[in-house]
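As structure tokens, the structure follows; a few thoughts come after it.
The values are calculated or read from the model by the stated rules, or taken from the named source; none is laboratory data. Nothing here was measured: the structure is a model prediction, and the numbers come from that model. Virtual Cβ from ideal backbone geometry, glycine too; neighbours counted across all protein chains shown. Accessible surface is based on the protein model in full, side chains and every heavy atom, while ligands, DNA and RNA are left aside. Shrake-Rupley method; radii C 1.70, N 1.55, O 1.52, S 1.80 Å.
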Amino acid sequence: MDLTAGHVWVMISAAMVLLMTPGLAFFYGGMTRAKAALNMMMMSFIAVGLVGIVWVLWGYSMTGGDGIAQLFGNPFASFGLEGLIGSEDMISAGYGATFAIITVALISGAIADRAKFGAWSLFVPIWVTVVYCPLAFMVWGGGLLSADGAIGGAVGEAIDFAGGTVVHISAGVAALVLALILGKRQGFGKDPAHRPHNVPLIMLGAALLWFGWFGFNGGAAGSAEEAGLIWVNTMAAPAAAMVGWLVIERFRDGRPTSLGAASGIVAGLVAITPACANVSPVGAVGLGLVSGAVCALAVGLKYKLGFDDSLDVVAVHLVAGTVGTLALGFIALPVDGAGGGLFYGGGTAQLVAQIVSVLVAITLSAVMTALIGLAIHKTIGFRVTPDNEVSGVDLSEHAETAYEFGGLGVGGAFHPFPANSRVPELTTEKVNS
């Protein structure tokens, strides 16, 4: 078969989406303290390595094909992708892998500064296997939530073009569950050192995410008309969300911030993800304004409710993902003059389908993440020791530091510490010397 423009576009889109995970590493890395920046970035990079392997071996097979109880595909149907060799389906398999990778990487921001790298590396392949792959099958692979599925057939098929439920709601719920399991960072809500150490790095990460998101949303476009709508909406929603977030900051805090601008962009991207092919550009602007403002307000919930979501994964991905998914019940465009959201005379049918899909995604991710997280936490332990948290997880987990501060620390790699050494004492001696 000849290589067509459509094939090339999907491959380019896949490369753009893969770039989003290193972009997320920059975004998250800049938001942590300097002594945890490398660990935070490594949590994204290891997701690429581990999920890439899982996807080739059994992950892709679980997201399509003949389903098992409409919950997930047969893991052995295309084990190792052997059956796809010589087929154009290999392109879509590669594209799908990039979605799985960034979904699990998103979760890591909730447990910054305090998670064991080994525990995270165990969590990643298990979570992708039992949460992401089944949910992707239910929504996109002909499972429970599809038009022919038991739930989709009963309440209607939910719209999720690029991953509102499959990616953002599932990751946001998992982030909340892990934050509760690991507990709060030392000094949470009190220590002024818990603030971003490198805002330009955050801005760079947001820029890379926005660039890659055009492939994230647009890679599956079925026509030039649909691709154009997706492109404009992926530009308009985050632009409006940034404005919405900054307006809230201006009136609440007195100043708009760079961190707020970057966070608003991501909130808008998350909100438009499920809706990018099904709302008008004006609808995308409205959705962006609402999501940016709502997410800016939602950031404060962790202080009021007492959970330590370090980098606001819940406030951005769970909240904006839910807003974008439910908004389709109101502003979804009719298809060939039929259906659509409430504002287009489509009745409540689409809204009901959207609500049900949100509830299914929340339930599946919450239950399975709790089981995985608690099992790891009660066995090998998910959280570093208090001493290692104080010294910094870059040192304790990787024997590295991100920066050299005027001779007080050494960038690059250290000789690995013995298992029974006390990193804080070594670090203090180095600083004092």
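Please verify whether segment 28-45 includes one or more residues that are open to solvent by 60 Å² or more (accessible area, probe 1.4 Å) and either among the β-branched types (V, I, T) or not in a helix (DSSP H, G or I) (or both). Steps first, please.
Kept after step one, since they are open to solvent by 60 Å² or more (accessible area, probe 1.4 Å), are these residues of segment 28-45: 35, 42, 45.
Checking the rest, the ones that are also either among the β-branched types (V, I, T) or not in a helix (DSSP H, G or I) (or both) come to none.
Checked segment 28-45: no residue is open to solvent by 60 Å² or more (accessible area, probe 1.4 Å) and either among the β-branched types (V, I, T) or not in a helix (DSSP H, G or I) (or both).
Please specify each residue of segment 118-131 satisfying the condition of being open to solvent by less than 10 Å² (accessible area, probe 1.4 Å) and touching a Gly at 6+ places or on another chain (Cβ under 8 Å).
First pass over segment 118-131, keeping only residues open to solvent by less than 10 Å² (accessible area, probe 1.4 Å): 119-120, 123-124, 127-128, 131.
Correct list: A119, F123, V128.
Restricting the search to segment 302-317, which residues are surrounded by fewer than 23 Cβ atoms within 10 Å (Cβ to Cβ) and part of a helix (DSSP H, G or I)?
K302, Y303, K304, L305
Checking the condition among the small types (G, A, S), part of a helix (DSSP H, G or I), without any contact (Cβ under 8 Å) to a residue 40 or more places away in the chain and open to solvent by 10 Å² or more (accessible area, probe 1.4 Å), which residue from A154, A147 passes?
Values: A147 fails: part of a helix (DSSP H, G or I).
Only one candidate qualifies: A154.
Kindly establish whether L178 is at pLDDT 95 or above, open to solvent by 10 Å² or more (accessible area, probe 1.4 Å) and either among the aliphatic types (A, V, I, L, M) or under 21 Å from the mean Cα position of the chain (by Cα) (or both). Full working, then the answer.
On the way: at pLDDT 95 or above: yes; open to solvent by 10 Å² or more (accessible area, probe 1.4 Å): no; either among the aliphatic types (A, V, I, L, M) or under 21 Å from the mean Cα position of the chain (by Cα) (or both): yes.
Considered against the rule, which asks whether it is at pLDDT 95 or above, open to solvent by 10 Å² or more (accessible area, probe 1.4 Å) and either among the aliphatic types (A, V, I, L, M) or under 21 Å from the mean Cα position of the chain (by Cα) (or both), L178 comes out as no.
Consider L204 carefully, then state whether it is closer than 30 Å to T4 by Cα and in contact with a helix residue (DSSP H, G or I) (Cβ under 9 Å, 6 or more places away or on another chain). Walk me through it before giving the result.
Numbers: closer than 30 Å to T4 by Cα: no; in contact with a helix residue (DSSP H, G or I) (Cβ under 9 Å, 6 or more places away or on another chain): yes.
So L204 fails the test.
Could you please find all residues in segment 61-91 being among the β-branched types (V, I, T) and open to solvent by less than 80 Å² (accessible area, probe 1.4 Å)? It would help to see each step written out before you state the result.
In the first step, residues of segment 61-91 are kept if they are among the β-branched types (V, I, T); the result is 63, 68, 85, 91.
Answer for segment 61-91, where residues must be among the β-branched types (V, I, T) and open to solvent by less than 80 Å² (accessible area, probe 1.4 Å): T63, I68, I91.
Take the residues of segment 3-27 that are without any contact (Cβ under 8 Å) to a residue 24 or more places away in the chain and assigned to a helix (DSSP H, G or I): which is surrounded by the fewest Cβ atoms within 10 Å (Cβ to Cβ)? Outline the logic, then answer.
Restricting attention to segment 3-27, the residues satisfying the condition of being without any contact (Cβ under 8 Å) to a residue 24 or more places away in the chain are 3-6, 8.
Still in the list and also assigned to a helix (DSSP H, G or I): 5-6, 8.
Working: A5: 7, G6: 12, V8: 11.
The extreme case among them is A5.
Just checking, how many residues over segment 380-419 are part of a loop (DSSP other than H, G, I, E, B), modelled with pLDDT of 95 or more, surrounded by fewer than 20 Cβ atoms within 10 Å (Cβ to Cβ) and in contact with a helix residue (DSSP H, G or I) (Cβ under 7 Å, 6 or more places away or on another chain)?
Residues flagged as part of a loop (DSSP other than H, G, I, E, B), modelled with pLDDT of 95 or more, surrounded by fewer than 20 Cβ atoms within 10 Å (Cβ to Cβ) and in contact with a helix residue (DSSP H, G or I) (Cβ under 7 Å, 6 or more places away or on another chain) within segment 380-419 amount to 2.
Name, by its number, the condition in (1) in contact with a helix residue (DSSP H, G or I) (Cβ under 8 Å, 6 or more places away or on another chain); (2) within 17 Å of L333 (Cβ to Cβ); (3) not small (G, A, S) that does not hold for L311.
(2)
Take the residues of segment 46-60 that are touching a residue at least 40 places away in the same chain (Cβ under 8 Å) and of a type in the set (F, W, Y): which is least open to solvent (accessible area, probe 1.4 Å)?
Only one residue fits best here, namely W55.
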